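Read-outs throughout are calculated quantities, based only on the coordinates presented, and are distinct from any laboratory measurement. Predicted model, so just to flag it, every value in this text is computed and none were measured. Backbone-built Cβ (ideal geometry, glycine too); neighbour counts: all protein chains shown.
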Amino acid sequence: FQTFEGDLKWDHNDITYRVLNYSPDLDAELTDDAFARAFKVWSDVTPLTFTRLNSGEADIMIEFGSKDHGDPYPFDGKDGLLAHAYPPGQGVQGDAHFDDDEFWTLGTGVVVKTRFGNANGEICHFPFRFEGEYYSSCTSEGRTDGLLWCATTANFDKDKKYGFCPSENLFTFGGNSDGEKCVFPFIFDGESYDACTKDGRKDGYRWCSTTANFDQDKKFGFCPNRDTAVTGGNSQGDPCVFPFTFTGKTYSSCTSEGRGDRKLWCATTSNYDTDKKWGFCSDQGYSLFLVAAHEFGHALGLEHSSVREALMYPMYSYIEDFRLHPDDIAGIQFLYGSGTGPDPNPPEPTSETPDEVTLPEVTTTTTEIAPVDPTNNPCKVKYFDAITQIQGELHFFKDGKYWKVSAAGQGAIKGPVQISDTWPALPATIDTAFEDLLTKKLFFFSGRSFWVYTGKTVLGPRSLEKLGLGKDVEKISGSLQRGQGKVLLFNGEKYWRLDVKAQVVDKGYPRYTDESFAGVPTDSHDVFLYKDKYYFCQDRFYWRMTSRRQVDQVGYTKYDLLNCP
Amino acid sequence: PLKPHSQVFVTFPGELVSNMTDQEFAENYLEQFGYISKRTRSSRQVSLGKALKQLQKQLGLQETGDLDSNTLEAMKMPRCGVPDRGS
């Protein structure tokens, strides 16, 4: 992950946001829900909270716009740029803008939320069956008032569940008319209009008057897009008109005729040949939730990631079951820390529970839940002095003891074993340890001393100075085997490369940890190699890094590595 | 058998048709997303190969430094407008 230069972040955790306007593509309720879910993506893993404001200046101001929309970074029509956002700060900083020349959906095609009818605002179900026919878009069939409707189940004939589809004949949004429907014809600038228009506006949004005379009453609203609205072309937002004539032929549905790219299009008047008005028919669209979650990442301080599966990767791709990638988690927690979140420990009964006391099983239960000496139960250890893999088993060191877990799978925890029983020369506190992959020698570090075990033979304690480390190095807190007889030794912000055979650190070191291992805590209290990946531990958590030095997972040490229940 | 279908292609008005060459398009893209600066581009000091390699690294593509078809295709994918590099 990357953060903006200077690690720009909010100086408070209670972030506010405000939705300034809506897209004609997606119902306001669905839009609000998509934004709320997008914020929750980040609040779930941080201490951040997000509160929506309906007026005034919020930290994150959200708006839809197209092309030149009031900042120095114009959008580019359909596709290409989808949205952008500014890093945290005052004014435009922190704001998120969405290109309204895109077709905004939930990622899988047009979403038509109904109003009125008897379906409680359910989404249209396409196709639906009505009087034996199948419909793949809203229809006015069966009605005399021309209002568009759809079924909200697959079979209207059987279920009779329906609602009305968005259209200017039903409601408007925004403006100053409180959602009133359009009145046709209406007068604007002395002219009569009998349909929504873009006249009088530079932003391309379709509007209408909600009284018969705009010039007099100044009442207006924006027209919601119908499910048959086009994007791009020269009629953005206008509905397809079926049937339409093209090169003398009649078309009753979208067609790719006339195009070499197989994209579906339609005319927005009844005759393309004479009017030349057209646009692309709706496609899958872009998930407002996914794009918003990405943009809010910027608004919180994250730059683009180079991890293809990460949310902060710059390119859009639709993901059905979205889960925040560890790279994104590592990034946002680097800025804001981790949230309290749900406690991963399962609820435990207490011996005071009356039911348990009276039940015959109480003896067993009480035995299991009896307070455990945290020095004997590794799952009660908050963090370990050192973790390392020795002879295929992951070793966890803490206060003179160690536990072992097979690196092969989900084996049981073995131990505790007294360190002095296995390696009598060692002190109780081990800062880091590693097994030399070539010679199988074991290196242990504690304070400014280190020991080398070859089987039962030990060399040490020897001073870190013997390795070429200065007196300012208080201890070695982590180690990574790098192959070819080299091991990296970590001490917080710095690391050295040790030539194991010569037992001296190489020239050109120390180097800064954050320059070579971006995205991991620089105050890791343990660093180790496990299954060819690097682990950096801080508190109860680890950051896992691939050999290409990309953080690919953040997790709990005791659940993921120690297999605690 | 289906009759051969004579396809008619038309130029649709209002469609954004770019007359840029692939090279111009790539230079614009690299400048827009922070891989080359406007100044270095205008002074022709820029090494497009180096910038392309940086882009390819960012996008997880093979780092050839060439404007190959995979890179060009990736540049045309829908994306966020925030630059990948720089402020």
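The label-point distance for residue A:511 and residue B:63, in a model that sets each label 7 Å from Cα toward Cβ, rounds to 1.3 nm. Can you tally the net charge around residue B:65? Count Lys and Arg as +1, Asp and Glu as -1, for every other residue whose Cβ sits under 13 Å from the Cβ of residue B:65. Value of the local net charge: 0.
Among the residues of A:79-87, the average count of other protein chain beta-carbon atoms within 10 Å of the residue beta-carbon is 4. Label-to-label distance, residue A:440 versus residue A:482, with points set 7 angstrom from Cα along the beta-carbon direction: 2.6 nm. Counting Cβ atoms of other protein chains within 10 Å of each residue's Cβ and taking the mean over peptide A:288-294 gives 1. Split chain A at each of the GluC sites (Glu not before Pro) in a DSSP loop with at most 16 other beta carbon atoms within 10 Å, and the longest piece is A:142-256. Between the listed residues A:128, A:197, A:142, the Cα displaced farthest toward the positive end of the dipole of the range A:111-222, a dipole computed from Cβ unit charges relative to the Cα centre, is found at A:128.
Round to the nearest 0.05 the FRET efficiency obtained for residue A:71 and residue A:459 when R0 = 56 Å and r is the Cβ-Cβ distance. Rounded to the nearest 0.05, the efficiency is 0.30. Let me check I've understood the local charge: for residue A:16, count other residues with C-beta under 13 angstrom from its C-beta, Lys and Arg +1, Asp and Glu -1. What total comes out? Net local charge, residue A:16 excluded: -2. Tell me the angle of helix A:288-300 to the major Cα principal axis of chain A, expressed in degrees between 0 and 90 and rounded to the nearest ten. For A:288-300 against chain A, the angle is about 50 degrees. For the range A:377-469, the alpha-carbon coordinates run over 39, 28, 23 Å along the three principal axes, in decreasing order.
Checking the a/c ratio against 1.5 first, then a/b against b/c, what shape does the Cα gyration tensor give for the range A:82-208? The shape class here is oblate. For residue A:20 and residue A:253, FRET efficiency with R0 = 35 Å and r from the beta-carbon atoms, rounded to 0.05? Taking R0 as 35 Å, the efficiency between residue A:253 and residue A:20 is 0.45. Based on the Cβ-Cβ distance of residue A:270 and residue A:7, what FRET efficiency does E = 1/(1 + (r/R0)^6) give at R0 = 56 Å, to the nearest 0.05? Approximately 0.45, to the nearest 0.05. Taking other residues whose beta carbon is less than 12 angstrom from the beta carbon of residue A:310, and scoring Lys, Arg as +1 and Asp, Glu as -1, yields -3.
Take every pair of alpha-carbon atoms less than 8 Å apart whose residues are at least six positions apart; their mean separation over the length of chain A yields a relative contact order of 11 percent.
Restricting the trypsin sites (Lys or Arg not before Pro) of the range A:166-238 to loop positions (DSSP other than H, G, I, E, B) with no more than 16 neighbouring Cβ atoms within 10 Å leaves A:181, A:198, A:201, A:202, A:218. For chain A, take the longest principal axis of its alpha carbons; what is the angle in degrees between that and the long axis of helix A:326-336, to the nearest 10 within 0 to 90? The two axes meet at around 80 degrees. Altogether, the Stokes-Einstein calculation at 25 °C and 0.890 mPa s, with the Kirkwood radius of the protein assembly as shown over Cα pairs as Rh, returns a diffusion coefficient of 83 µm²/s.
Peptide A:501-512 has a mean shielding of 0, counted as Cβ atoms of other protein chains within 10 Å of each residue's Cβ. Summarising the overall dimensions of the range A:204-270 from its C-alpha atoms, the Rg and Dmax are 15.4, 48 angstrom.
Label 7 Å along Cα→Cβ of residue A:319; the range A:534-562 residues with amide nitrogen under 13 Å? Counting only backbone N, you get A:552-554. For the cross-link pairs A:9/A:40; A:404/A:441; A:198/A:263; A:441/A:475; A:401/A:501, the ones whose C-alpha atoms lie over 23 Å apart are A:198/A:263; A:401/A:501.
Using just the helices of chain A, give the 222 nm mean residue ellipticity in deg cm²/dmol: DSSP H runs with n ≥ 4 each add -39,500 (n - 2.57), and the total is spread over all residues, rounded to 500. Walk me through the numbers on the way to the answer.
Working: 10 runs with 73 residues, N = 565.
Rounded to the nearest 500, the figure is -3500 deg cm²/dmol.
Calculate log10 I(q)/I(0) of the range A:10-116 for q = 0.10 Å⁻¹, where I(q) comes from the Debye formula with a single equal point scatterer on each Cα and nothing for solvent. Calculated log10 I(q)/I(0) at the listed q: -0.30. A DSSP coil position with no more than 15 other Cβ atoms inside 10 Å describes none of the chymotrypsin sites (Phe, Trp or Tyr not before Pro) in the range A:131-164. Taking the centroid of alpha carbons for each part, the range A:469-498 and the range A:235-308 are 57 Å apart. Over all distinct Cα pairs, what is the inverse of the mean 1/r for the range A:212-341, reported as the Kirkwood hydrodynamic radius in Å? Across the range A:212-341, the inverse of the average 1/r is 18.4 Å. Placing pseudo-labels 7 Å out from each Cα toward the beta carbon at residue A:211 and residue A:493 gives an inter-label distance of 6.8 nm.
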